[in-house]
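Here is the structure we will look at.
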Amino acid sequence: MRAPLKILIIGTLPPPLGGVTVLLNYLIESLQTRTDVDVQAVDTGIVRGHGLGGLLKSFRAALQIVGAVPRADVVTLHCATSSIAIKGTFVLLLAKLFRKPIVIRKFGGADYGQSGARGWWPALAAFVLRRADIYFAETKQLVEQAHQRGLKHAEWFPNHRPLLNESADEDASIPRQRCRRFIYVGHVRECKGIEVLAEAARQLPDDVSIDVYGPWFDDLDRALFNDIPTIRYCDSLRSEEVIPTMRRYDAFVFPTHHAGEGYPGAVLEAFSANLPIVATRWRALPEIVDDRVGLLIEPRNPTQLAEAMVKLADDTDLYQRLRRNTQDRAEFFSVKHWTNEFVRRCEALRRGDRTHSH
């Protein structure tokens, strides 16, 4: 029997809670349940703005990485676009020094070659990604862009979420016959389309409502919803509260025009909650939200947004069809499915197989 596959995970872990940290934690927890994998994680943390403490944390993480790379079968770095150049160079050099295969997984929908950075940064990021054995990108659009630049080892590795245990929420089995209550979960800020959502709410009938959950950012007026009876702010949710809370609603609304949008975790959580989606036709969102599970509208268009929500509220057959299809979408984007894919590709690298798999 072959020894367990030793995977080194390098990336930012909670706290703080956020899309990147939660997603990486899901992968680690899933790997830790397997007997065929021996996983070691090094938390690179967030060190900016933490002064001497941040520098010490960064130094300790670097020492941990230096000690862990020689013992690993596969080295994997999980990072945002902005970290590829610095963290990626350090980890790449160590992996090459000890002749270990390296996987770089980039979170988010921003293209490393068009991120707004200038000078040496894009060139160094490209250098790192070209020399990785696998470059995992979150969206199909990013994979295609990488292939056009000659990175044939770029592969699709999307955002994913755990499936909800039905027993975790008594309301989970309650059938939703009609669509009246919409929920938004995410950052409450201008680039997520919250002002557009407020304007759309003004156009909704009295029996259709929107509840908004998430941290409120300073770029929005706290009084934004005050005179709109069909929308209200309900504060933030802990990560373990998101899906159970979603299952008490009828549909999910996501009017984003955020420049760095990839595959939003909240959209995938909405699939797990069996909620149809009303979202913007923005960046990579149409890759995961299509006419089988939702309705797409143009960004920054409150009238289209309101019309789509009313359509879902009025057309019971459409609502039920979209709702039924979300289960298959949730299973495809489940942690279990993509953990299996991650282990499969890492095992292939241990065997010496560096061939492109898709």
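See the values below:
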| item | result |
| --- | --- |
| Failed criterion for PHE271 (all others in (1) farther than 25 Å from TRP156 by Cα; (2) outside any loop (DSSP other than H, G, I, E, B) hold) | (1) |
| Count of region 320-358 residues which are under 30 Å from PHE182 (Cβ atoms) and more than 25 Å from the chain's Cα centre (by Cα) | 2 |
| Hits in region 302-322 (condition: surrounded by 18 or more Cβ atoms within 10 Å (Cβ to Cβ) and of a type outside the set (A, V, I, L, M, F, W, C)) | PRO302, GLN304, TYR319 |
| Subset of region 239-279 (residues that are polar (S, T, N, Q) and more than 19 Å from SER209 (Cα to Cα)) | SER239, SER272 |
| Looking only at region 278-294, and only at residues there that are under 16 Å from the mean Cα position of the chain (by Cα) and either buried (at least 24 other Cβ atoms within 10 Å of the Cβ) or among the charged types (D, E, K, R) (or both), the one that is farthest from LEU322 (Cα to Cα) | ARG283 |
| Any hit, region 99-109, residues being more than 26 Å from the chain's Cα centre (by Cα) and either assigned by TED's automatic domain parsing to the domain that holds TRP121 or part of a helix (DSSP H, G or I) (or both) | yes |
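The values are calculated or read from the model by the stated rules, or taken from the named source; none is laboratory data. Everything numeric here is computed off the predicted structure, so don't read it as measured data. Glycine also receives a Cβ, built like all others from the backbone with ideal geometry; neighbour counts cover every protein chain displayed.
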